[in-house]
Amino acid sequence: MSGERAALDRTLANARGAGVGAARLPPGGEASTDAGAGTFRGEDPERSAPGRWTAGARAAPETEPPGDRLVLVVDDEPDLLQIVCDRLESAGYRVQTARDGVEALERIREDGPGCVILDLKMPRLGGFDALPEIRRAAPAARVIVLTGSPNRPLREACQARGADEFMLKPFDPGELLRLTAQAFEPR
């Protein structure tokens, strides 16, 4: 796990150097790491629902179809979730979060995101084991694996289980945005 932590630390440093600040909380809110991914308690009711909070959230147009520019980010590291959410939101995406594969599958079935950014090593249900079910639940969604494990056989196994892309932590934010954009291009 220390290798993954070092990769996360490098990602945090790279992202902050590229203009992403420290993690933000809603005004008057405090982070709740045990209440569920993306869950924050505070004065802003729109940001208090589990899995629905996003930093600097933007309201989606009422006419926007489900899944249109909706990205689900699945990782058990709150700092990484914050960085990825900040990047995606600043590029105009709607973002949801989940802390493991079980929460991810619930969100996918409820909301049908167009893109899933997925860590592999998580509690309860890891990304590797969740991949086939994610693919069945959202066959048109683009699945981007984001992991600290630089292993070619793992990459190939993930692609065989349904991943479209495989990125290593620390990641290049510009490359992540490029791959995410491909999910919403006409096929």
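Taken over the range 145-164, the criterion of being closer than 13 Å to LEU179 by Cβ and either of a type in the set (Ser, Thr, Tyr) or surrounded by fewer than 22 Cβ atoms within 10 Å (Cβ to Cβ) (or both) is satisfied by ASP164 alone.
When PRO113, PRO173, PRO186 are screened for being modelled with pLDDT under 95, surrounded by 18 or more Cβ atoms within 10 Å (Cβ to Cβ) and of a type outside the set (Lys, Arg), only PRO173 passes. All of ARG136, ARG161, ARG99, ARG107 fail the test of being modelled with pLDDT of 95 or more, in contact with a helix residue (DSSP H, G or I) (Cβ under 6 Å, 6 or more places away or on another chain) and farther than 21 Å from PRO186 by Cβ, apart from ARG161.
The values are calculated or read from the model by the stated rules, or taken from the named source; none is laboratory data. Small disclaimer: the values here were computed from a predicted structure and weren't measured. Cβ: placed from backbone, ideal geometry, glycine included. Neighbour counts: every protein chain shown.
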